There are 2 protein chains.
Amino acid sequence: MTKHIRPLRLGALPEGMRRALRGAREKRGWTQRELASRVGLTQTHISGIESGKIVPRYDTLLELVRILDHDLLMVPRALVPVVQSLIRDHMQPDHKDDGEERALYADDADNEESSEEPRDEV
Amino acid sequence: MTKHIRPLRLGALPEGMRRALRGAREKRGWTQRELASRVGLTQTHISGIESGKIVPRYDTLLELVRILDHDLLMVPRALVPVVQSLIRDHMQPDHKDDGEERALYADDADNEESSEEPRDEV
DNA sequence: AAATTAAATATGACAAAGCATATCAGACCA
DNA sequence: TGGTCTGATATGCTTTGTCATATTTAATTT
């Protein structure tokens with residue numbers, strides 16, 4: 001069996017986030033090249049990120065996220081569900097504006113914290 | 001005139017986030033080495049990140065943030081202030097638990113989008 | 001319908017930076 | 001003085017990120 005001694009972190013962005021990025025780009029009618037030039041990256045780079053071939057640096061992802069009118073926030077775990085529902089609310093059918101965006105945020109789904117030991121108390 | 005043709009992203013993590021990371025680590029009484037072994041990184045790496053010498057990849061930062069009982073969320077810009085105050089609330093003196101944590105989240109403060117045209121109208 | 005043209009995305013090779021291993025300098029204590 | 005524990009530094013390997021090119025897809029013309 002391919003028993004990875006070391007999980008090597010993710011290997012790619014969470015799929016949910018990749019879809020969110022691509023969705024937000026397409027929603028604006030921007031091509032990869034258009035987005036790339038706006039944010040100061042290259043089209044190749046965008047392609048690699050969206051297709052999951054590379055995990056961008058934090059600052060790179062931040063640029064991308066911001067150009068797409070979002071932000072990356074460091075949220076205490078206890079607040080994550082609240083924020084999530086806030087986000088879900090925000091793109092409810094009411095707001096026709098954002099109606100097209102799918103569930104967008106970095107969900108935990110792709111990370112296996114199964115082997116994680118529930119760390120000590122705060 | 002030092003007219004940067006290309007801003008080269010950040011160059012380091014926002015100082016606020018670096019302080020938050022280091023603060024959260026120290027709050028737990030962990031050394032860089034201890035944190036490193038817990039999260040599967042190296043002490044060298046942690047040092048470089050906290051001191052601002054390197055900008056970690058997204059997945060690396062995510063591991064760090066999660067071990068410190070936080071998460072990285074992709075939030076629509078319109079909701080950022082709300083979430084921020086939520087976070088501020090959460091670590092208000094009321095909660096003696098988190099009383100020690102400083103302002104922790106990725107604030108925009110350290111990014112100079114001054115040269116960037118703020119045209120983000122959808 | 002086939003061919004041609006153009007645009008959007010994906011693929012390859014090189015340079016830059018993250019990340020790992022080993023080591024070092026300082027602080028603290030026995 | 002030695003020993004241990006802390007964070008920082010030096011050297012290589014791996015991956016990101018850039019430049020140039022190929023492949024796919026769609027629209028237009030004949």
Report summary line: Loop-resident trypsin sites (Lys or Arg not before Pro) in the stretch B:53-85 with no more than 14 other Cβ atoms inside 10 Å, DSSP not H/G/I/E/B, are B:53
Query raised in the report: Points 7 angstrom from Cα along the Cβ direction at residue B:15 and residue A:77: gap in nanometres?
Result: 3.0 nm
Report summary line: Ignoring ligands and nucleic acids, residue A:45 exposes an accessible area, probe 1.4 Å, in Å² to the nearest 10, of 50 Å²
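The values are calculated or read from the model by the stated rules, or taken from the named source; none is laboratory data. Bear in mind that the values here come from a model prediction, so they are computed numbers and not experimental data. Here Cβ is always computed from backbone atoms with ideal geometry, including for glycine, and neighbour counts include all displayed protein chains. Surface areas here come from the heavy atoms of the whole protein model, side chains and all, with no ligands, DNA or RNA. Shrake-Rupley method; radii C 1.70, N 1.55, O 1.52, S 1.80 Å.
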